[in-house]
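The values are calculated or read from the model by the stated rules, or taken from the named source; none is laboratory data. None of these values were measured; they are calculated from a predicted model. Every residue, glycine among them, receives a Cβ derived from its backbone with ideal geometry; neighbour counts consider all protein chains shown. Accessible surface is based on the protein model in full, side chains and every heavy atom, while ligands, DNA and RNA are left aside. Shrake-Rupley method; radii C 1.70, N 1.55, O 1.52, S 1.80 Å.
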Amino acid sequence: LLAITASKFDDFPTWYREVITLSEMIDYYDISGCYILRPWAYQMWEAIQQWMDKEIKELDVQNSYFPLFVSKKALEAEKAHVEGFAAEVAWVTKSGEDDLEEPIAVRPTSETIMYPAFSRWIRSHRDLPLKLNQWSNVVRWEFKNPTPFLRTREFLWQEGHTAHASFEDADKMVIQALELYRRVYEELLAVPVIMGTKTEAEKFAGGHKTTTVEAYISGTGRAIQGATSHHLGQNFGKMFKIQYEDENGEQAIPWQTSWGLTTRTLGVCVMCHGDDQGLVLPPRVAPLQAVIIPIVTKKVKLETIVEFADPIVKSLKAAGVRVKFDDRINYTAGWKYNHWEQKGVPIRLEVGPRDIESKQTVMARRDTGEKITVPEDEITSKVVELLETIQANLLARLTAERDDHFTRVTEWEDFVPALNRNDIVLTPFCNETEWEEKVKTLSRAEALKEGEVELATTATSVAAKTLCIPHDQPDLPEGTPCFISGKPATCWVLWGRSY
Ligand SMILES: O=C1CCCN[C@@H]1CCCn1cnc2cc(F)c(Cl)cc2c1=O
Ligand SMILES: [Mg+2]
């Protein structure tokens, strides 16, 4: 496969698969749900990691590393914690030909691995706050259709786990982590997100409160959870007997948080910004930000172009730009244009005979396709400026697209039509779980009746579910009726078809 054959808005699943392979982000693997993260993808993950790692250290969170394996006893310390997840736990049962005494689980998340240690380490209020983070992989043997980055049986993530002396301190940590996630999406990936709190039905059952950043995927009109930050209350403290002597000499249980962001970020970035030529990378996470393509003709040899381009490459590198001069002689300029467009490189600099003569280059922007001619001595400053312009333009473009598909609905009959327009929908809501379930069933039934199909390939339902209760709440006049139950609404809640 050399070119992208599917159109993003015509056959999204095929388009996504072609884009992530032709851009050399992903290669396939002989175990279902597992994929190879090639350098082009891994370098994007490293950019996210490096940015986040600096930020969490500024929040006085320390990195550590806990074992990959968890004993059955520890994993099942609290039946409630595992039930519902049991089917996705991967177990090691043998070494060589011999059975292990006890089966050992591969971590699906690290609460049951970390918190017995927390219980040993936290004895006094002086041991608080304890704030740890771990960069690692986790394994969850999901059975729904696997999709690279979005739903994989192994993925990379960071998981933050903290313990505090008060509910409020934990709550502050939850919001600090959520704010970091918003910034990863908006400042690095140029993807706007909505911060909110999950409803009781959608939250992490082991916790007190789950907060989330929700992204909108323009190509499919679906929403996706970008990352999550939980206030765990004292639930895990009780579960793992984590207690300490407080300042009054009393025994107390700490208030905990946990928060995670995964390689799903890369999939969201691809889906949101990609187009029918391939990836469109935000400069802040692009492994290459500029590529220089020589146009060799009979009149002008490659050496002459190298002579002209060398100082430009040096100057761009000195300015901190990730740049490459593609001097391969076995590919035409046209082939290279297509290749680097598929890989989403933000800026292409063309250097041909005319450019040598006029001491200039032609810059092509990947986000708009626009071309500008720049004199040799302005190239570096123009590239640096243009990268910022592209980053801002990508965020602005997606924000406009998301806002175009963000509607408020106060009457039930307007709800499914809005979903069918690929909108995410904000409604006044009584926030009672039974009514949340009812909206799920009714919206699915109505959509199917109107001929909406549930794509078997991506196993995505046409039912609407709550995405979050946005922290940014519009005014809700006293007595406003819930759009489905007619009861007094207690909040505005955001609904959408999601991954
Ligand atoms: O979402 C996060 C952020 C980072 C740290 N963890 C929390 C909660 C994770 C929920 N969750 C998610 N998936 C799980 C899968 C499992 F197999 C088992 Cl045993 C447990 C869980 C589970 O608790
Ligand atoms: Mg899961």
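Starting from the exponent 0.38 and prefactor 2.2 Å, build the expected Rg for the chain from its residue count and divide its actual Cα Rg by it. Intermediate results must be reported in sequence, preceding the final value.
On the way: Rg = 25.5 Å, N = 499, 2.2 N^0.38 = 23.3 Å.
Against the empirical 2.2 N^0.38 Å value, I get 1.10 for the chain.
Under 5 Å between amide H atoms, partner at least 5 residues away or on a different chain: which partners does Thr361 have, H built in plane at 1.01 Å?
Under 5 Å from the amide H of Thr361 lie the amide H atoms of Val374, Glu376, each far enough along the sequence or on another chain.
HN-Hα J couplings of region 418-435 from phi, Karplus 6.51/-1.76/1.60, θ = phi - 60°, integer Hz, Gly and Pro as x?
5, 4, 5, 8, 6, 8, 9, 10, 9, 9, x, 9, 7, 6, 9, 3, 5, 6
Let me check the size of region 236-298 from its C-alpha atoms; what are the radius of gyration and Dmax in Å?
When restricted to the Cα atoms of region 236-298, Rg and Dmax are 25.6, 86 Å.
Between Asp275 and residues 5 or more places away or on another chain, which pairs have amide H atoms under 5 Å apart, with H built 1.01 Å from N, and which residues are they?
Sorted by chain and number, the residues that satisfy this are Val280.
Beta carbons within 10 angstrom, averaged per residue: use that to sort the peptides 106-114, 80-88, highest first.
Values: 106-114: 21.4, 80-88: 12.3.
Output ranking for 106-114, 80-88: 106-114, 80-88.
Kindly write out, for region 264-271 in residue order, the coupling ³J(HN,Hα) from the Karplus curve 6.51 cos²θ - 1.76 cosθ + 1.60 (θ = phi - 60°), rounded to whole Hz, with x marking Gly and Pro.
For region 264-271, the Karplus curve yields 4, 3, 5, x, 4, 4, 4, 5 Hz.
Spin-label point model (7 Å from Cα, Cβ direction): what's the Ile329 to Thr441 distance in nm?
Output for this residue pair reads 7.2 nm.
Size of region 282-333 along its principal axes in angstrom, Cα-based, largest extent first?
For region 282-333, the Cα spread along each principal axis is 38, 21, 12 Å.
Just to check I understand the Karplus step: with θ = phi - 60° and J = 6.51 cos²θ - 1.76 cosθ + 1.60, what whole-Hz values come out for region 174-190, glycine and proline as x?
4, 6, 4, 5, 5, 5, 4, 5, 4, 6, 4, 6, 7, 8, 9, 8, 6
Cα extents of region 1-74 along the three principal axes, largest first, in whole Å?
That works out to 47, 36, 22 Å along the principal axes.
Rounded to a whole number, what is D in µm²/s for region 164-252 from Stokes-Einstein with the Kirkwood radius over alpha-carbon pairs (20 °C, 1.002 mPa s)? Kindly include the intermediate steps, with their values, before the conclusion.
Values: Rh = 14.7 Å.
Diffusion coefficient, whole number: 145 µm²/s.
Rounded to a whole number, what is D in µm²/s for region 392-494 from Stokes-Einstein with the Kirkwood radius over alpha-carbon pairs (4 °C, 1.567 mPa s)? Let's see the in-between values first.
Numbers: Rh = 14.6 Å.
Approximately 88 µm²/s, per Stokes-Einstein.
In Å and from the alpha-carbon atoms only, list the Rg and Dmax of region 64-178.
16.3, 52
May I ask you to work out the translational diffusion coefficient for region 52-119 at 25 °C, viscosity 0.890 mPa s, via Stokes-Einstein with Rh from the Kirkwood sum over Cα pairs, reported in whole µm²/s?
Working: Rh = 13.9 Å.
My calculation gives 177 µm²/s for D.
Taking the alpha-carbon distance from Lys324 and a cut-off under 25 Å, which lysines remain once sequence neighbours fewer than 8 residues away in the same chain are dropped?
Within the straight-line cut-off, Lys324 pairs with Lys298, Lys299, Lys301, Lys314, Lys336, Lys343, Lys359, Lys371, Lys382.
Which value, in debye to the nearest 20, gives the size of the charge dipole of the chain about its Cα centre, when Lys and Arg are +1 and Asp and Glu are -1 at the Cβ?
Working: 57 positive and 74 negative charges, 211 e Å.
So the dipole magnitude of the chain works out to roughly 1020 debye.
Across bins of 10 angstrom width beginning at 0, how are the C-alpha pair distances of region 279-437 distributed, in whole percent?
All Cα pairs, binned at 10 Å, distribute as 10, 32, 23, 11, 11, 9, 4, 0 percent.
Roll a 1.4 Å probe over the protein chains and send me the accessible area per residue for the chain in Å².
Working: 22480 Å² over 499 residues.
With the other protein chains kept in place, the chain gives 45 Å² per residue.
Would you mind telling me the share, in percent, of accessible area of the chain contributed by carbon and sulfur at probe 1.4 angstrom? Intermediate results must be reported in sequence, preceding the final value.
Numbers: 11600 of 22480 Å².
With neighbouring chains kept in place, the figure for the chain is 52 percent.
Straight-line reach from Lys465: which lysines fall under 28 Å, measuring Cα to Cα and dropping same-chain residues less than 8 apart?
Lys8, Lys79, Lys144, Lys172, Lys198, Lys203, Lys209, Lys438, Lys440, Lys449, Lys487
With n ≥ 4 as the cut-off for DSSP H runs, can you work out [θ] at 222 nm for the chain, using -39500 (n - 2.57) per run divided by the number of residues, rounded to the nearest 500? Write down the numbers at each step before the final one.
Details: 14 runs with 164 residues, N = 499.
That calculation yields -10000 deg cm²/dmol at 222 nm.
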